[in-house]
1. Does the stretch 207-217 contain any residue that is crowded, with 21+ Cβ neighbours inside 10 Å and charged (D, E, K, R)?
2. For the stretch 79-107: of the residues being at pLDDT 70 or above and of a type in the set (Val, Ile, Thr), which is nearest to the chain's Cα centre (by Cα)?
3. Output the residues belonging to the stretch 128-156 that are assigned to a strand (DSSP E or B) and either in contact with a helix residue (DSSP H, G or I) (Cβ under 8 Å, 6 or more places away or on another chain) or at pLDDT below 95 (or both).
4. Going by the structure shown, is LEU113 surrounded by fewer than 18 Cβ atoms within 10 Å (Cβ to Cβ) and either among the hydrophobic types (A, V, I, L, M, F, W, C) or under 19 Å from the mean Cα position of the chain (by Cα) (or both)?
5. Looking only at the stretch 21-43, how many residues end up being part of a helix (DSSP H, G or I) and within 24 Å of PHE167 (Cβ to Cβ)?
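The values are calculated or read from the model by the stated rules, or taken from the named source; none is laboratory data. Fair warning: this is a prediction, and the values are worked out from it, not measured in the lab. Cβ: placed from backbone, ideal geometry, glycine included. Neighbour counts: every protein chain shown.
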Amino acid sequence: MIYVMSDLHGCYQEYLKALKAIDFQDDDQLFVLGDVVDRGKEPVKLLQDMMMRSNVFPIIGNHDFMALSVLRKFCVEITDENVETQLDEEDIENLYHWCNDGGRVTLEQFRRLSREEQQDLLDYLEEFSLLEEVSANGKKFVLVHAGLHPFLPDKPLEDYRLEEVIFKSPNYDFVYYADKYLVSGHKPTVSIDKRKKGQIIEKNHHIAIDCGCVFGMNLGVYCLDTGEKWYIEKNK
């Protein structure tokens, strides 16, 4: 079976509960549609668990990209002699904005790792894919963190760049592909339809799966083979 979830944001315990709920097996596949880190309690534990599973496939989100950008720059040993050459005003500004957008917990846990563990985590983040196209039960699915913007119907998926897939959500009232389903996270479904608080939304060949776990709602899991849904409540 092929499963998708998104916007875990450090919700490690809910992630483990989700794997148990779907009875995740070695011959199953799980695609995580970005924003693994920041905001929640255990982003580093979550990353470390995912990187040990060969059948879990991460797709990059805007928070993962910012974490990688900042942590890669700050992973070097900073001394009085090299601080001016290693860090510039833009680096400091990126660190400030990232921490204020939920990155502080990721930074604090990352700093407690050994140098080897830090490098392994950064290497793993760099392996996150931009998007994926998969088939299940005769249907085709495009998996992406946010959306495809600007969208062009004849544009090959491999031509979309990083900034075009991690920042802007799709128009859920518009059918992008008549023969494919666009599966995305990034935007909690309650902000798409208030009646669908904490629920997965399916409409117009879109499947929106960010159910707002880190904000006290649910972690949604969707099976591409069957259309079955699971909801894991946020630990209080």
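1. yes
2. Pass one, the stretch 79-107, residues at pLDDT 70 or above: 88-107.
From the residues that got through so far, the ones that are of a type in the set (Val, Ile, Thr) too are 92, 105-106.
Details: ILE92: 24, VAL105: 16, THR106: 14 Å.
Checked the stretch 79-107; the qualifying residue nearest to the chain's Cα centre (by Cα) is THR106.
3. Narrowing the stretch 128-156 to residues assigned to a strand (DSSP E or B): 129, 131-136, 139-144.
Once the filter is applied, which keeps residues that are assigned to a strand (DSSP E or B) and either in contact with a helix residue (DSSP H, G or I) (Cβ under 8 Å, 6 or more places away or on another chain) or at pLDDT below 95 (or both), the stretch 128-156 yields LEU131, GLU133, VAL142.
4. Working: surrounded by fewer than 18 Cβ atoms within 10 Å (Cβ to Cβ): yes; either among the hydrophobic types (A, V, I, L, M, F, W, C) or under 19 Å from the mean Cα position of the chain (by Cα) (or both): yes.
Judged against the criteria, LEU113 is a match.
5. Looking only at the stretch 21-43, we keep the residues that are part of a helix (DSSP H, G or I), and these are 21, 43.
Among the residues that remain, those that are also within 24 Å of PHE167 (Cβ to Cβ) are: 43.
Selection size over the stretch 21-43: 1.
Residue-by-condition table, conditions (1) of a type in the set (A, V, I, L, M, F, W, C); (2) modelled with pLDDT of 80 or more; (3) in contact with a Gly (Cβ under 8 Å, 6 or more places away or on another chain); (4) not in a helix (DSSP H, G or I):
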residue	(1), (2), (3), (4)
LEU46	yes, yes, yes, no
ASP64	no, yes, yes, no
ALA67	yes, yes, yes, no
GLU77	no, no, no, yes
